Amino acid sequence: MAGDKRHADDESDTEEQLTSTTVDTRPKVSKLVSKQRSQVEYLMKNIDKPIDISTPKKPMLRPPPDIVLNVRGSSAGAGSSDFSIYRDLRRKENLRVKLMESDAAQDSAKDKFIDEIELLKQKDEERTAKNRAKRQKRKNKNKFVKEK
């Protein structure tokens, strides 16, 4: 009988677990299109709510200190915590250098793009000036022919 009692308790526990857990009523998304559709539907439900579509902010790093006291490194005789401190400082410095290089690359790409745009505008102006001169020449020629 004790075995029967335990079996009955197990059944009641599973029924309680089934009723106590929350059931996810959202549909399972199997394709990217249906996922995107569900996101758009969610946004359309709250159409009055503003959406923030700002660009992500760049990580702001403090400038390196002018004077570094207690210079640490991975050398013989260093304490057990010194290497961790050295590694952290090296990681911060490498991140700072990487950010500076990416900013410089973005600036040079932007300058190159602006130069290309100016060159294209200059070529367009030359072409339109040439065509304008041709039109004016034809117009003057037609005027001269009509006067005779």
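The values are calculated or read from the model by the stated rules, or taken from the named source; none is laboratory data. Fair warning: this is a prediction, and the values are worked out from it, not measured in the lab. In this analysis, Cβ positions are derived from the backbone assuming ideal geometry, glycine residues included, and neighbour counts consider all displayed protein chains. Heavy atoms of the whole protein, side chains included, go into the accessibility calculation; ligands, DNA and RNA do not. Shrake-Rupley method; radii C 1.70, N 1.55, O 1.52, S 1.80 Å.
Take Ile85: with every protein chain present and a 1.4 Å probe, its accessible area is about 60 Å². For Ala129 and Ser54, a Förster radius of 41 Å and the Cβ-Cβ distance give a FRET efficiency of 0.45, rounded to the nearest 0.05. Remark: accessible surface ordering of Val97, Val40 (largest first) is Val40, Val97, probe radius 1.4 Å. Only lysines eight or more places from Lys57 in sequence, or on another chain, were considered; those with a Cα closer than 22 Å are Lys92, Lys98, Lys110.
For Lys35, the lysines whose Cα comes closer than 25 Å to its Cα, not counting residues fewer than 8 places off in the same chain, are Lys45, Lys49. Relative to the current alpha-carbon distance between Arg37 and Ile114, full extension at 0.36 nm per residue lengthens the span by 23.9 nm. The alpha-carbon atoms of the stretch 80-148 define a convex hull whose volume equals 33 cubic angstrom per residue. Net charge of the neighbourhood of Leu43, taken over other residues with C-beta under 12 Å away and scored Lys/Arg +1, Asp/Glu -1, is +1.
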